[in-house]
1. Does the range 71-118 come out rounded, prolate or oblate, given a ≥ b ≥ c as the square roots of the eigenvalues of its C-alpha gyration tensor, rounded meaning a/c under 1.5 and, failing that, prolate meaning a/b above b/c?
2. What ranking, highest mean first, results for peptides 31-37, 143-149, 52-58 when packing means the other Cβ atoms within 10 Å averaged over each residue?
3. Multiplying the sequence separation of ALA51 and ALA63 by 0.36 nm and subtracting their Cα-Cα distance, what value in nm do you get?
4. Quick one: grab the alpha carbon gyration tensor of the range 6-69, order the square roots of its eigenvalues as a ≥ b ≥ c, and give me rounded if a/c is under 1.5, else prolate or oblate depending on whether a/b is larger than b/c.
5. What share of Cα pairs, in percent, lie more than 27 angstrom apart in the chain?
6. Only helical DSSP H runs with n ≥ 4 go in: add -39500 (n - 2.57) per run for the chain, normalise by residue count and round the 222 nm mean residue ellipticity to 500 deg cm²/dmol.
Amino acid sequence: MSAPRVVTFHYTLRDPSGRVLDSSAGGDPITYLEGAGQIIDGLDAQLRAVAAGAKQRVQVPAARAYGERDPAQVQRVKRATLPVDGELRVGDQFQTDTDRYAPVVTVSAIEGDEVVLDANHPLAGVDLTFDVEVVEARVPTAEEISHGHAHGGGGCGDGCGCGH
Ligand code: ZN
């Protein structure tokens, strides 16, 4: 395997119907360290061979993106047990706990005093198509390799949140 690169890219993400789900166009590009788990596995793997300046369409099956949908992640709970004040609507998302890493759930139905919550990632089960333009590809710094992620222009601590 060749040495990992730090890759900066712009992307437009579409679902199988061609609907745009997300795009970096008009904003900042994404920078990541290859193989470090900073972007989804299937995209990381397929961008290995793409050089700086190149554009590439990358298709990532759900299993290598946000995973397949898991029916066990759908739960029916009493409205009164939820940590949410005010009105609840289908499509609302919230964390199940105050812990910043608590899973995010989506309200998929409201039936009487019961609420159906779906803890699957909103893109679980969705095959993704990325139109990618690699803006830059460079050798990582020693600090990036030791931290296990890419740093932006300002280095670590610039919203990096890695605690180093
Ligand atoms: Zn760092």
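Each reported figure results from applying straightforward, stated rules to the coordinates on display, with no laboratory input. All values derive from a computational prediction rather than experimental measurement. Note: ideal-geometry Cβ built from the backbone for every residue, glycine included; neighbour counts use all protein chains shown.
1. Numbers: a/c = 1.71, a/b = 1.23, b/c = 1.39.
Oblate, since a/c reaches 1.5 and b/c is not below a/b.
2. Working: 31-37: 17.9, 143-149: 15.1, 52-58: 13.1.
Going by the mean number of other Cβ atoms within 10 Å, highest first, we get 31-37, 143-149, 52-58.
3. 1.8 nm
4. Values: a/c = 1.64, a/b = 1.16, b/c = 1.41.
Because a/c hits 1.5 or more and a/b fails to exceed b/c, the range 6-69 counts as oblate.
5. On the way: 5377 of 13366 pairs.
Within the chain, distances greater than 27 Å cover 40 percent of Cα pairs.
6. The helix contribution divided over the chain gives -2000 deg cm²/dmol.
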